[in-house]
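What follows is one structure encoded as structure tokens, with my remarks underneath.
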Amino acid sequence: MSSNIRITRVCQYCGDSFTAKTTVTKFCGDNCAKKAYKLRKKEEKVLHSHHETALAINQSWHNANQKGFLNVKETCILMGVSRTTLWRLVKNESLGVKEIGRKRIFRKTDIDSFMNQ
């Protein structure tokens with residue numbers, strides 16, 4: 001069944017005007033439809049990647065929150081600060097650190113009391 005409808009539309013991808021034969025046509029041609037599809041799929045992949053990254057960060061924070069003693073990386077994740085800021089706090093004696101050989105650990109109770117000040 002063919003239609004005699006002719007509607008002037010604007011392509012959602014390139015912005016050019018074209019004559020559409022149906023009321024649901026969005027793109028001026030096959031090339032714009034394919035490019036829009038690829039762009040949509042790329043945006044979905046980026047969004048999925050951001051979601052996975054957020055889940056990984058949340059998981060790291062949750063794991064760090066459950067421990068009594070934390071290493072440097074876990075302390076940074078828990079406090080939401082960079083390593084430089086963490087060492088600045090240690091240098092100013094705002095936050096205590098324990099050394100076991102070359103390894104440095106932070107007590108979670110010390111971190112909680114510092115964050116509640």
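Working only within region 84-103, note down all residues that are out of contact with any Ser or Thr (no Cβ under 9 Å at 6 or more places or on another chain) and either under 21 Å from residue 57 (Cβ atoms) or not in a loop (DSSP other than H, G, I, E, B) (or both).
Scanning region 84-103 gives 84, 85, 87, 89, 90, 91, 98, 99, 100, 103.
Taking the residues in region 77-117 that are at pLDDT 90 or above and among the aromatic types (Phe, Trp, Tyr) as candidates, determine which candidate is surrounded by the most Cβ atoms within 10 Å (Cβ to Cβ).
106
Based on what the data block shows, is residue 9 in contact with a strand residue (DSSP E or B) (Cβ under 6 Å, 6 or more places away or on another chain) and among the charged types (D, E, K, R)? Can you show your working first?
Details: in contact with a strand residue (DSSP E or B) (Cβ under 6 Å, 6 or more places away or on another chain): yes; among the charged types (D, E, K, R): yes.
Taking the combined requirement at face value, the residue satisfies it.
Here are 52, 74: which of them is among the acidic types (Asp, Glu), surrounded by 16 or more Cβ atoms within 10 Å (Cβ to Cβ) and assigned to a helix (DSSP H, G or I)? Walk me through it before giving the result.
Values: 52 fails: surrounded by 16 or more Cβ atoms within 10 Å (Cβ to Cβ).
Of 52, 74, the one residue that is among the acidic types (Asp, Glu), surrounded by 16 or more Cβ atoms within 10 Å (Cβ to Cβ) and assigned to a helix (DSSP H, G or I) is 74.
The values are calculated or read from the model by the stated rules, or taken from the named source; none is laboratory data. Everything numeric here is computed off the predicted structure, so don't read it as measured data. For neighbour counting, all protein chains shown are included, and Cβ atoms are generated from backbone atoms with ideal geometry for every residue, glycine included.
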